[in-house]
Structures are given as C-alpha cells and as structure tokens.
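Here is the structure we will look at.
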C-alpha cells in the first residue's frame, strides 16, 4: 500500500540537486574544477524536464482514473435506497 502518490518531477529535481551538490563537493575536495555558473543551466534544464515529466504523469493518472470510473457502471450508492431520505 502506497502512503502517498509518486511524484516523478520532484525526483528529477532532487537528483539534479544532489548531482550539483556532488559536483561542488568534488570541487571543494580538490578532485576536479566545476565552474561557478554550472548550477544555473543544470537546474534550469532539470526544472524543465521535471515539468515535462509531471505533465506526462498527470496525463497517465488522469487516463487511468477515467478508465476506472468507466468500469463502474452500476447505480451510485445514494440511489440504491440504502440511505434514509429526508
């Protein structure tokens, strides 16, 4: 059982942020040199990809919810007579 829904856009941004942290951490440790402006294009691309991934995931969730609602063609619970009418 899932405790919350999967949000792939947040995963993309999180992985990009961890990658940037690793790149600047490697520079701080002296393993390589990362330019100071590296964060801007990487995060811009990550946010763009995250938006695209979120849009696709929303379409998939919407389509699957629509197919689930089409499968239940029975009468709704309120019209079955099990509820007291006031």
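Values in this text are rule-based calculations from the coordinates and carry no lab data. Remember, predicted model here, so these are calculated numbers, not experimental data. Cβ: placed from backbone, ideal geometry, glycine included. Neighbour counts: every protein chain shown.
Results, tabulated for the structure shown:
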read-out	value
Spin-label model distance (nm) - residue 28 vs residue 45, 7 Å beyond Cα toward Cβ	2.4 nm
P(r), alpha carbons of the stretch 16-60 - 5 Å bins starting at zero, rounded %	5, 22, 22, 17, 12, 10, 7, 4, 2
